[in-house]
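In what follows, a single structure is set out as structure tokens and then discussed.
What follows draws every value from the coordinates through simple rules; no lab data is involved. These figures come from a predicted structure and were not determined experimentally. Here Cβ is always computed from backbone atoms with ideal geometry, including for glycine, and neighbour counts include all displayed protein chains.
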Amino acid sequence: MMYNSYPYGLFNADYLRAYQQQREAQRQWEQNKNIVDLTKALSDFLEASRKVHPDFQKAAQDACAYVILEHMGKNNGGTR
């Protein structure tokens, strides 16, 4: 029916409920994908860190600290 589609559906509670459920399902899927990506990246990071020779641990720590600080700056309004 024509009145179940946009823009008429904005006044239909069933349409709004279905739309909200669809948006929530999409958000859930996106966040689950983000979690999978995060755990993969963490696994890759830990695997790479095992490969660093002890003689180069300090350089690796410094490089990782730099990346962390760079991201903290971005998250706190920094430009870099």
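Please arrange 23, 50 by counting, for each residue, the other beta carbons lying within 10 Å of its beta carbon, fewest first.
Arranged by neighbour count, lowest to highest, 23, 50 become 50, 23.
Note on residue 21 and residue 53: the extension gain reaches 6.5 nm, defined as 0.36 nm multiplied by sequence separation minus the Cα-Cα distance. Put a plus charge on the Cβ of each Lys and Arg, a minus charge on the Cβ of each Asp and Glu, and nothing anywhere else: the dipole of region 2-75 about its Cα centre is then about 100 debye.
Sorted from longest to shortest, the spans of the Cα atoms of region 2-75 along the three principal axes equal 70, 25, 14 Å. Counting other Cβ atoms within 10 Å as a rough exposure proxy, the listed residues 71, 53 run 53, 71 from fewest neighbours to most.
This ranking places 15, 66 by how few other beta-carbon atoms lie within 10 Å of each, fewest first, which gives 66, 15. Rounded, prolate or oblate: which fits region 41-80 when a ≥ b ≥ c are the square roots of the eigenvalues of the alpha-carbon gyration tensor, with rounded for a/c under 1.5 and prolate only if a/b beats b/c? Cα axes put region 41-80 in the oblate bin. Couplings for region 72-77, taken from phi via the Karplus curve 6.51 cos²θ - 1.76 cosθ + 1.60 with θ = phi - 60°, read 4, x, 5, 6, 9, x Hz in order; Gly and Pro are left as x.
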